[in-house]
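All remarks here apply to the structure that follows.
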Amino acid sequence: MSTDALNPKSILELDSWLEPFLGAIDKRYQLFKHWKDTITNTEGGYDQFTKGYLKFGLNVQPDNSVVYREWAPNAISAALTGDFSLSPLRSVSARSRY
């Protein structure tokens, strides 16, 4: 579901002193639209997006495997180490799109 376009008239009806700032308001609104539509299209809406705690962290899957997800947008890779690993090598994850 796409967000409606910004109507400058409706803004000026609320406050005519905002006319010099319509360009900046429109730019911010376009950014809001972009991220709202991105969240809607990739996550299924705000409700699903706000339930990241169900997806991130350590989660046991139905087959009893464990999945670990972390949100680290500027990370190139992440490593999880500890006594739980049967391998002498640590588990390293590569960066994904999200």
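Where a number appears in this text, it was derived from the coordinates with a stated rule and is not lab data. It should be emphasised that the depicted structure is a prediction, and the values quoted were computed from it without experimental measurement. Here the Cβ positions follow ideal geometry from the backbone for every residue, glycine too, while neighbour counts run over all protein chains shown.
List of remarks:
- Of the residues A79, A72, A5, the single one that is part of a strand (DSSP E or B) and either out of contact with any Leu (no Cβ under 9 Å at 6 or more places or on another chain) or of a type in the set (F, W, Y) (or both) is A79.
- The residue that is farthest from the chain's Cα centre (by Cα), counting only those in region 4-34 that are among the hydrophobic types (A, V, I, L, M, F, W, C) and exposed (fewer than 11 other Cβ atoms within 10 Å of the Cβ), is W17.
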